[in-house]
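Data first, discussion second: the structure below is written as structure tokens.
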Amino acid sequence: MATLIHTLSDHSDDVNYCAFSSSCLATCSLDKTIRVYSLSDFAELPYSPLEGHTYAVHCCCFSPSGLVLASCSTDGTSALWDTRDGRRLAVLQQPGASPVRVCRFSPEATYLLAGAADGSVVLWNVQSMKLYRSGKVKGGSLMACAFSPSGDFFVTGSSSGDLTIWDDKMRCLYNEKAHDLGVTCCDISSHPVSDSENGFEYFQMASCGQDNNIKLWLILFADFLGVQLKCKCTLIGHSAPVLACAFSYDGQMIVSGSVDKCVIIYETSTGNTLHTLSQHKRYVTTCAFAPCSPLLATGSMDKTVHIWQLDLKQPCAGGTVENESKVAIEDWSEDDVSAWLCAQDLADFVGLFKMNNIDGKELLNLTKESLANELKIESLGLRSKVLQKIEELRMTMMSVSVPDEFLCPITRELFKDPVIATDGYSYEREAMENWISNRRSSPMTNLPLHSLMLTPNRTLKMAISRWLETQQK
């Protein structure tokens with residue numbers, strides 16, 4: 001069951017796109033603005049609306065951490081915004097100044113992909129704010145794009161009807177005529193599908209177009225096989241062009257919005273229709289599932305965004321973890337741990353964790369050293385990602401929220417090694433070292449740092465340690 005629980009009516013023109021982070025919803029419009037709302041009460045944040053684009057804003061998306069919001073516009077630019085205070089961090093001019101129709105962050109937030117009406121595809125380096133690679137699709141405007149969960153490749157869709165697969169070096173790997181009258185949107189599920197018979201894992205992709213159809217695809221990306229794209233099925237439910245499609249965070253549902261003013265939610269595994277929502281008064285232009293709660297947002301040319309509460313038989317990804325008690329997590333079986341890994345986009349580690357018999361108790365006891373020495377995870381980045389997710393899991397077991405002063409202002413995560421910078425603020429050491437390796441300004445004030453010296457904040461570290469002890473009693 002899907003229940004309409006809230007309607008946002010702040011935009012003065014067509015709503016073009018909506019996007020979720022774990023705590024916020026962003027919407028953008030023909031009225032040149034981006035608006036940001038808190039998911040706790042759907043109140044607009046104090047710095048909203050974000051203004052700066054000189055023409056219609058077509059798309060917006062959050063970085064994986066939720067700390068940066070990207071937007072793109074007919075004015076030929078993509079903009080990056082700080083979601084903590086609404087500051088505009090950068091304006092990125094599309095080569096040729098063509099209207100930018102779509103933007104996406106890579107899974108590790110290293111790059112921002114921007115696609116434009118002249119068919120240009122650009123990868124921007126987010127740290128340096130400089131162009132990394134560029135390419136171009138043939139014979140049409142770029143209307144859609146999506147990254148694979150691994151970041152090894154991305155897909156673009158054009159008004160000519162083509163789906164094109166690119167690697168992270170902007171090399172064209174595959175091209176397929178997908179929708180006769182043009183692709184309008186595409187999305188890749190964060191959860192792969194296993195082919196146990198052949199030992200392969202396929203990425204699931206959905207695309208939609210002016211032909212009224214939604215197509216489900218299986219993508220195989222393997223060095224020794226190259227790229228294979230296979231159409232799994234076509235979902236026929238809309239009576240007019242389909243303008244938007246998106247997977248739920250666990251990959252079990254697909255939602256679509258259409259010129260027929262309807263929103264349809266499908267079950268991914270069967271293609272069956274679960275819900276048809278018809279409350280919008282004009283074309284439905286965008287739809288998105290929230291990552292950590294059973295919420296769905298749909299936006300329309302009727303200038304509104306509807307927020308829907310989904311009554312799910314199974315909790316959405318992240319919901320199981322957030323609603324479990326400490327005892328329940330400690331009692332997780334190896335299969336429960338595997339399901340949790342999949343929900344955290346860590347499906348690649350399922351085999352490794354099962355091989356080492358990691359159950360709930362073992363999971364909570366994993367450390368940076370055990371991940372490196374016992375599980376033999378060589379990549380520092382992957383170890384850090386796993387450890388971060390485990391830390392988040394530990395935090396869900398605590399009865400109260402973390403005091404804000406115990407959170408790094410860059411990562412918004414609990415301090416592990418706090419240091420004081422010369423601007424007087426405390427930061428997580430690794431995050432601040434990464435920050436000053438690319439710029440000499442304060443993350444909090446944006447003013448120049450007179451020195452790059454970082455002083456350990458032992459007082460704060462001791463306070464956090466004492467607080468953690470009280471939470472575990």
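Which one of these is touching a Ser or Thr at 6+ places or on another chain (Cβ under 7 Å) and modelled with pLDDT of 80 or more: Pro443, Pro448, Pro456? Walk me through it before giving the result.
Details: Pro443 fails: touching a Ser or Thr at 6+ places or on another chain (Cβ under 7 Å); Pro456 fails: touching a Ser or Thr at 6+ places or on another chain (Cβ under 7 Å).
Result: Pro448 is the single residue among Pro443, Pro448, Pro456 that is touching a Ser or Thr at 6+ places or on another chain (Cβ under 7 Å) and modelled with pLDDT of 80 or more.
Can we say Asp348 is within 24 Å of the chain's Cα centre (by Cα), acidic (Asp, Glu) and at pLDDT below 85? Please lay out each step first, then the result.
Values: within 24 Å of the chain's Cα centre (by Cα): yes; acidic (Asp, Glu): yes; at pLDDT below 85: yes.
Criteria met by Asp348.
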For this session: Go through the residues of region 134-142 one by one and say whether even a single one is at pLDDT 90 or above, open to solvent by 10 Å² or more (accessible area, probe 1.4 Å) and touching a helix residue (DSSP H, G or I) at 6+ places or on another chain (Cβ under 7 Å).
Result: yes
Problem set entry | Residue within region 49-63 that is under 19 Å from Thr411 (Cα atoms), in the same structural domain as Met301 (by the TED database) and free of Cβ contacts under 8 Å to residues at least 60 places away in the same chain present | yes
For this session: Give the residues of region 4-30 that are more than 13 Å from Thr298 (Cβ to Cβ) and open to solvent by 30 Å² or more (accessible area, probe 1.4 Å), sorted by residue number.
Result: Ser9, Asp10, Ser12, Asp13, Ser22, Ser23, Leu30
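Within region 89-109, is even one residue of a type outside the set (Ser, Thr, Tyr), in contact with a helix residue (DSSP H, G or I) (Cβ under 7 Å, 6 or more places away or on another chain) and open to solvent by less than 20 Å² (accessible area, probe 1.4 Å)? Working first, answer last.
From region 89-109, those of a type outside the set (Ser, Thr, Tyr) are 89-97, 99-105, 107-109; that's our starting set.
When the remaining residues are screened for being in contact with a helix residue (DSSP H, G or I) (Cβ under 7 Å, 6 or more places away or on another chain), the result is none.
No, every residue in region 89-109 fails to be of a type outside the set (Ser, Thr, Tyr), in contact with a helix residue (DSSP H, G or I) (Cβ under 7 Å, 6 or more places away or on another chain) and open to solvent by less than 20 Å² (accessible area, probe 1.4 Å).
What residue, among those in region 424-437 that are touching a strand residue (DSSP E or B) at 6+ places or on another chain (Cβ under 8 Å) and within 21 Å of Thr459 (Cβ to Cβ), is surrounded by the fewest Cβ atoms within 10 Å (Cβ to Cβ)? Steps first, please.
Here is the first cut: in region 424-437, the residues touching a strand residue (DSSP E or B) at 6+ places or on another chain (Cβ under 8 Å) are 426-429, 432, 435.
Next cut, within 21 Å of Thr459 (Cβ to Cβ) only: 426-429, 432.
Working: Ser426: 25, Tyr427: 26, Glu428: 22, Arg429: 17, Met432: 24.
Top of the filtered list is Arg429.
For region 104-215, which strands (runs of 3 or more DSSP E) that fit wholly inside it have 2 or more residues that are polar (S, T, N, Q)?
Numbers: elements: 111-116, 120-125, 130-136, 142-147, 153-158, 162-167, 172-177, 183-188, 193-195, 200-209.
Filter on region 104-215 gives 120-125, 153-158, 200-209.
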Seminar exercise, completed: Screening Arg88, Arg133 for residues that are basic (Lys, Arg) and closer than 30 Å to Leu414 by Cβ leaves only Arg88
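A quick yes/no check of all residues on (1) open to solvent by 30 Å² or more (accessible area, probe 1.4 Å); (2) in a helix (DSSP H, G or I); (3) under 30 Å from Arg88 (Cβ atoms):
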{"position": "Lys416", "(1), (2), (3)": "yes, no, no"}
{"position": "Val419", "(1), (2), (3)": "no, no, yes"}
{"position": "Thr422", "(1), (2), (3)": "yes, no, yes"}
{"position": "Arg439", "(1), (2), (3)": "yes, no, yes"}
{"position": "Met444", "(1), (2), (3)": "yes, no, yes"}
{"position": "Ser451", "(1), (2), (3)": "yes, no, yes"}
{"position": "Thr459", "(1), (2), (3)": "yes, yes, no"}
{"position": "Ser465", "(1), (2), (3)": "yes, yes, no"}
Problem set entry | Residues of region 9-35 classified as in contact with an Asp or Glu (Cβ under 7 Å, 6 or more places away or on another chain) and under 23 Å from Arg412 (Cα atoms), total | 1
Seminar exercise, completed: Those residues of region 335-351 which are in contact with a Lys or Arg (Cβ under 8 Å, 6 or more places away or on another chain) and open to solvent by 20 Å² or more (accessible area, probe 1.4 Å) amount to Gln344
Seminar exercise, completed: Residue count, region 73-85, condition under 19 Å from the mean Cα position of the chain (by Cα) and either within 18 Å of Thr54 (Cβ to Cβ) or open to solvent by 10 Å² or more (accessible area, probe 1.4 Å) (or both), comes to 6
Exercise. When you go through Asp152, Asp167, Asp187 one by one, which is the residue that is within 21 Å of the chain's Cα centre (by Cα), in contact (Cβ under 8 Å) with a residue 40 or more places away in the chain and surrounded by fewer than 20 Cβ atoms within 10 Å (Cβ to Cβ)?
Worked result: Asp152
Seminar exercise, completed: Reported set for region 252-302 where residues are surrounded by fewer than 20 Cβ atoms within 10 Å (Cβ to Cβ), under 19 Å from the mean Cα position of the chain (by Cα) and without any contact (Cβ under 8 Å) to a residue 60 or more places away in the chain is Pro294
For this session: Consider Glu405 carefully, then state whether it is among the charged types (D, E, K, R) and surrounded by 13 or more Cβ atoms within 10 Å (Cβ to Cβ).
Result: no
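Criterion first (within 22 Å of Phe289 (Cβ to Cβ), touching a strand residue (DSSP E or B) at 6+ places or on another chain (Cβ under 9 Å) and at pLDDT 95 or above) does Ala19 satisfy it? Steps first, answer last, please.
On the way: within 22 Å of Phe289 (Cβ to Cβ): yes; touching a strand residue (DSSP E or B) at 6+ places or on another chain (Cβ under 9 Å): yes; at pLDDT 95 or above: yes.
For Ala19, the condition - within 22 Å of Phe289 (Cβ to Cβ), touching a strand residue (DSSP E or B) at 6+ places or on another chain (Cβ under 9 Å) and at pLDDT 95 or above - is met.
The values are calculated or read from the model by the stated rules, or taken from the named source; none is laboratory data. Small disclaimer: the values here were computed from a predicted structure and weren't measured. Neighbour counts are summed over all protein chains in view; Cβ atoms, including those assigned to glycine, are modelled from backbone coordinates with ideal geometry. Surface areas here come from the heavy atoms of the whole protein model, side chains and all, with no ligands, DNA or RNA. Shrake-Rupley method; radii C 1.70, N 1.55, O 1.52, S 1.80 Å.
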